[in-house]
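Heads up, the thing below is written out as structure tokens.
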Amino acid sequence: MSKPRGFKVLIATTRVPFIDGGAELHAEGLQRALREAGNRAEILFIPFKWYPPERILDQMLACRLLGGREADCLIGLKFPAYLMPHPRKVVWLLHQHRQAYELWQHPMGDMHAYTNGAAVRQAIQYADRELLPQARRLFANSRNVAARLRTYCGLEAEPLYHPPPDARNLHSGAAEDFLYFPSRINPLKRQHLAMEALAQTRTNVRVCFSGPGVEPGYDQTCLALARKLKLQNRVEWLGSVSFETKRDLYARSLGVLYPPLDEDYGYVTLEAMLAAKPVITCEDSGGPLEFVLDRQTGLISAPTPEALAAAMDELWENRTAAREWGAAGRDRYSSLHIGWDHVLEKLLP
Amino acid sequence: MKVLIATSGAPFIRGGAEILAESLCDAVNAAGHEAEIVTLPFESWPPSRIPEQMLACRLLDVTESCGQTIDRVIALKFPAYLIPHPYKVIWMLHQHRTAYELWDHPVAGDLIQHPDGPMVREAIRQADRTLLPEAKAIYTLSRNVSGRLGRFTGIEAEPLYNPPAHAALYHPGPAGDYLFFPSRITPVKRQWLVIRALGLCREPVEVYFAGEADNPAQQAECTRAERELNLTGRVTWLGLVSEEQKREHYAHSLGVVFPPLDEDYGYVTLEAMLSSKPVITCADSGGPLEFVVHNETGLIADPSSESLATAMDALWADRRHAATMGEVGRQRYQDLKISWNNVVEKLLC
């Protein structure tokens, strides 16, 4: 590290109480990296509830009223916590409030269904456009997030990648007879699409799903779909698993299936690459497309059950290609120089 | 039950309140519930920041987490205890003290020194009077805190004692040649008073101070006083020590000196009792007076350097009496039946 040590750094982010996801791991990874580099770092988790829409405005104001001038630097990650004022603020955008942007009038969003939805959306967009430029520097979690910010707000942010939480411990192993799909069980991650595709495969592809079910009902929907499509023997549904189990599943998988809708960044892609496994993703999956090279480190399919099924069949039948693409993925990860040292160089004053 | 523990704190400062919140969280989880802490950043200067942050707390919405009810909020500190929730229970660690009993205190009083002070004090008092009664129940940390709340706000609240963290690990040990004073180094803990008292001691009393200064200036002031009074060799600044080191310092001390100004509760007293050590405290020290019995489990001095010096000399000169008082203190702790089970039962009933 060439930077001087001993900064007091506040990480400002938003949290839905009792729900853990990638965002929490990101904030904690950043905190750990800052501490290991000799700084003091604390995370401010501001509780967030996005419904009904007018509550969002209250919480935006709350963030404007909170602060931490004591700190040498404040790093804002998530809406609306990144609106918190600080004289030395850097924003490292995880994502904006997606329902006010790319998920507006999208079946996955619901803000547009409220009578005041449009007004709240306008207020969010206005706040982002006016207040994000108050940061000294603007970074984004990925090229995808930077591109959305440019499209919707006309603001430039530099993409800044960081390693997944368990990067140091992931390893490869001999491929067994299953594809692995680790993720929170959530409509945006599209476990249902994976089920529908599975029903259309020619070969006897098996998929192992893991991840916490946070969206009430969606996990049941997926399981009902598996029953309806008679996939019980080809689907393994593990729920939440430990880091150890997840590592082991990555290592033993034939490849990783990861077809989310417009993912911001997506640790899964990077974890698969670290485990030397090929990744099947979709053309509209966002973040994963910054890493997966079609037919070099994985397969990029159209977001339809038929196309996804064809990709799954191909990987299932062509084990040599699967192995080679996996190894090429790991090489590609190394060539990208994704590391916390680099992140801190960029973020610290 | 999903239980959210809400508290406020200055970022980068870790004291009794932070430890208490974590212990409470562990205890609620251990009782089979799902608990989580939300800590809101709090800046007390300039005074105009205080009403802003009170408003921020009123604007937050912690009624649900992703569609699921948050069953209970346990709020600990101002202004976090103002967060609205239909099933909020307050376990008050303290109100904003410089708007109340410390308003015109020569050392601690800060609001009084600012032109906005009187207005902000009124806003705080008004909010407490109006909004505290929203809670389903109000408990406090100690009789001292209940007393203040009753005196200033007219609200009755039952004190609910809690054990220090890792209470079971404290143990007696052979008395060495020092008095122990573990605490954050800050004016209200009155390390400065102990330094001045040391200058007046007739016995060659030595004191070990453990803990970090809130800011370097406060440490510098103490060290300067130490030099001016020629106390070289009689004062040891240990800085931040681990929990294990702290327990060893307790175990090998002759006794504990803990003369804070109007302490809310004070784990130090209880930790000393668990280590079978007598406690020297002052007549205006607040919380410790609920536990220390003069001449039976320790000594209660006047808050003057002369009186404190006399008490320190007395302990130093009569080691047998010191050992006896320590033993009686340990017995008294056992008799009080202080436990987390009791705390959790009351807060969640």
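No value in this document is a laboratory result; all are computed from the given coordinates. Please read all numbers here as calculations on a predicted model, not as lab measurements. Neighbour counts are summed over all protein chains in view; Cβ atoms, including those assigned to glycine, are modelled from backbone coordinates with ideal geometry.
Would you please give the residues with an amide H less than 5 Å from that of B:Ser142, counting only those at least 5 places away or on a separate chain, with H modeled from the backbone geometry?
Hits under the 5 Å cutoff: B:Leu160.
Which of the lysines could a cross-linker span from A:Lys89 if the Cα-Cα distance has to be under 22 Å and same-chain partners fewer than 8 positions apart are dropped?
Partners within reach: A:Lys3, A:Lys8, A:Lys78, A:Lys346.
Hey, which aspartates and glutamates would be in cross-link range of A:Lys49, C-alpha to C-alpha under 13 Å, not counting anything within fewer than 8 residues on its own chain?
A:Asp58, B:Asp61, B:Glu64
What whole number of Å gives the distance from the Cα centroid of the stretch A:172-211 to the Cα centroid of the stretch B:122-155?
Rounded to whole Å, the Cα centres lie 55 Å apart.
Mind checking which of A:Ser183, A:Cys73, B:Val292 is farthest towards the positive end of the protein assembly as shown's charge dipole, using Cβ charges of +1 (Lys, Arg) and -1 (Asp, Glu) about the Cα centre?
A:Ser183
Of the listed pairs A:Lys246/A:Lys277; B:Lys246/B:Lys277; A:Lys230/A:Lys277; B:Lys277/B:Lys337; B:Lys189/B:Lys337; B:Lys2/B:Lys346, which have alpha-carbon separations greater than 25 Å here? The partial results should precede the final answer.
Details: A:Lys246/A:Lys277 14 Å; B:Lys246/B:Lys277 14 Å; A:Lys230/A:Lys277 28 Å; B:Lys277/B:Lys337 19 Å; B:Lys189/B:Lys337 27 Å; B:Lys2/B:Lys346 16 Å.
Listed pairs above 25 Å: A:Lys230/A:Lys277; B:Lys189/B:Lys337.
For the modelled label position 7 Å from the Cα of B:Thr69 along Cα-to-Cβ, which residues of the stretch B:87-108 have backbone nitrogen atoms closer than 16 Å?
Answer for the stretch B:87-108: B:87-89.
Residue-wise, which Karplus ³J(HN,Hα) couplings in Hz belong to the stretch A:84-90, taking 6.51 cos²θ - 1.76 cosθ + 1.60, θ = phi - 60°, and x for glycine or proline?
Coupling constants for the stretch A:84-90: 3, x, 6, x, 10, 9, 10 Hz.
Calculate how steeply helix A:218-228 sits against the longest principal axis of the alpha-carbon atoms of chain A, using the helix alpha-carbon long axis, and give the answer as 0 to 90 degrees to the nearest 10.
For A:218-228 against chain A, the angle is about 10 degrees.
Search the structure for amide H atoms under 5 Å from the amide H of A:Asp262, placed 1.01 Å from N in the peptide plane, and list their residues when 5 or more places away or on another chain.
Amide H neighbours of A:Asp262: A:Ser285, A:Gly286.
In terms of modelled amide H atoms, which long-range or inter-chain residues lie less than 5 Å from the amide H of B:Gly286?
It is B:Asp262, B:Glu263, by chain and number.
By what distance, in whole Å, do the Cα atoms of the protein assembly as shown stretch along each of the three principal axes, largest value first?
For the protein assembly as shown, the Cα spread along each principal axis is 91, 53, 51 Å.
For A:Arg227 and A:Ile19 in the same chain, what is the full-extension length gain: residue separation times 0.36 nm, less their Cα-Cα distance, in nm?
Values: separation 208, 0.36 × 208 = 74.88 nm, distance 2.77 nm.
Result for the pair: 72.1 nm of gain on full extension.
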